[in-house]
Amino acid sequence: MRFILLIALFCSTIPVTAQNLTGIWRGKRTQNAGGCFPEYSLELHVTYMNQNAFMGNAFSFYDTERYVKINFTGRYNPATKRMVIIENLVLNYNVPANCIPCIKTYDLTWAKTSLDEALTGEWKGHEMGNSNGCMPGRITLTRQEKSVFPVDVFQNDTLTNLQQNLKLQPREKELVQTIAIDTSVLKIELYDNAEIDDDTVTIFLNNTLLLYKKRLTDKPLTLTVNVFPGTDYELMMYADNLGRIPPNTSLMVITAGKKRHEVRVSSSEQKSAVIRFRYEK
């Protein structure tokens, strides 16, 4: 369902150069009289963007113990700087017994000053589980370097459903290399190292399944991921088999901005190879 909406949003956008909105946005969300609290903190994680359509998670919170986490999709109009965000599914929440989470729609405008980037506008919505309207309010957010809440890695619906039922043999992790990066977009390519011998691999990033039982060849398996500043990322290669010539080996090429890193990776039935990344501006 998320992908159907994402495609619809993408098709409705104006074909103008996209603004990169991925990252962390945090600030305040007010609510008119009649809401649970008159003011909340709000943190948006925009984890994936395709042209002018995007998706991520929203955290409405009074403090880190009392919060609501909801995923969202959105669209951005670069001509008017306007963005509309539609919350979809409540993923997790812990609120007082007399409060009901609101499923919200945001109408925001992006602006850039000499100091920062800001999103400002209004929201409206309805109570979770029914159609009762929530008292609306205003939103003011700025782009942030670090998150209050853990950052999820984007995963499509097919892989989400697959991972829920996935049972892999526990293995020791072996750190191969730690790479410092200075850009928010990573391109990761995986090749069979040396002779092509039917090695297959499953790939996780921060315990999120991104590739499942893919065969390594001389043509790359390619991943493009968005990473947030000040956040640690761990890519793990799990060997589904050892091919005809053990162990399971691959050449990993990581492109981060103008920098290119080549890492030779080996996994076995006892150990899974791990590469770590950290993006520092």
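Can you give the Rg/Rh ratio of the range 2-144, where Rg is from the C-alpha atoms and Rh is the Kirkwood radius? Walk me through the intermediate numbers first.
Numbers: Rg = 14.7 Å, Rh = 15.4 Å.
Across the range 2-144, the Cα-based Rg/Rh ratio is 0.96.
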* Structure fact -> In the range 92-181, the trypsin sites (Lys or Arg not before Pro) that sit in a DSSP loop and have at most 13 other Cβ atoms within 10 Å of their own Cβ are Lys146, Lys167
* Helical mean residue ellipticity (222 nm; -39500 (n - 2.57) per DSSP H run of 4+; nearest 500) of the chain -> -2000 deg cm²/dmol
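Which entries of Lys146/Lys258; Lys167/Lys187; Lys167/Lys213; Lys187/Lys219; Lys259/Lys281; Lys187/Lys213 have Cα-Cα distances beyond 18 Å here?
On the way: Lys146/Lys258 24 Å; Lys167/Lys187 28 Å; Lys167/Lys213 13 Å; Lys187/Lys219 15 Å; Lys259/Lys281 15 Å; Lys187/Lys213 20 Å.
From the list (Lys146/Lys258; Lys167/Lys187; Lys167/Lys213; Lys187/Lys219; Lys259/Lys281; Lys187/Lys213), the Cα-Cα distance tops 18 Å for Lys146/Lys258; Lys167/Lys187; Lys187/Lys213.
Within 10 Å, at most 15 other Cβ atoms, and a DSSP state outside H, G, I, E, B define an exposed site. Report the longest part of the chain free of exposed GluC sites (Glu not before Pro). If you can, show how the numbers build up before the last one.
Working: sites that count: Glu65, Glu145, Glu195, Glu269, Glu280.
It works out to 66-144.
Could you tell me what percent of the DSSP beta bridges with both partners in the chain are antiparallel, to the nearest 5?
On the way: 105 of 114 bridges.
Of those bridges, close to 90 percent are antiparallel.
Using the reciprocal of the averaged 1/r over all distinct C-alpha pairs, how large is the Kirkwood radius of the chain in Å? The partial results should precede the final answer.
Values: mean 1/r = 0.0486 Å⁻¹.
Its Kirkwood hydrodynamic radius stands at 20.6 Å.
Translational diffusion coefficient, Stokes-Einstein: compute it for the range 145-281 using the Kirkwood radius over C-alpha pairs as Rh, at 20 °C and 1.002 mPa s, and state it as an integer in µm² s⁻¹. Present the calculation step by step, with values, prior to reporting the outcome.
Numbers: Rh = 15.4 Å.
D, rounded to a whole number, is 139 µm²/s.
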* **For Thr231, residues with placed amide H under 5 Å, excluding near neighbours** => Tyr279
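Where a number appears in this text, it was derived from the coordinates with a stated rule and is not lab data. Just so you know, these numbers come straight off a predicted model, no measurement behind them. Cβ atoms come from the backbone with ideal geometry, glycine included; neighbour counts cover every protein chain shown.
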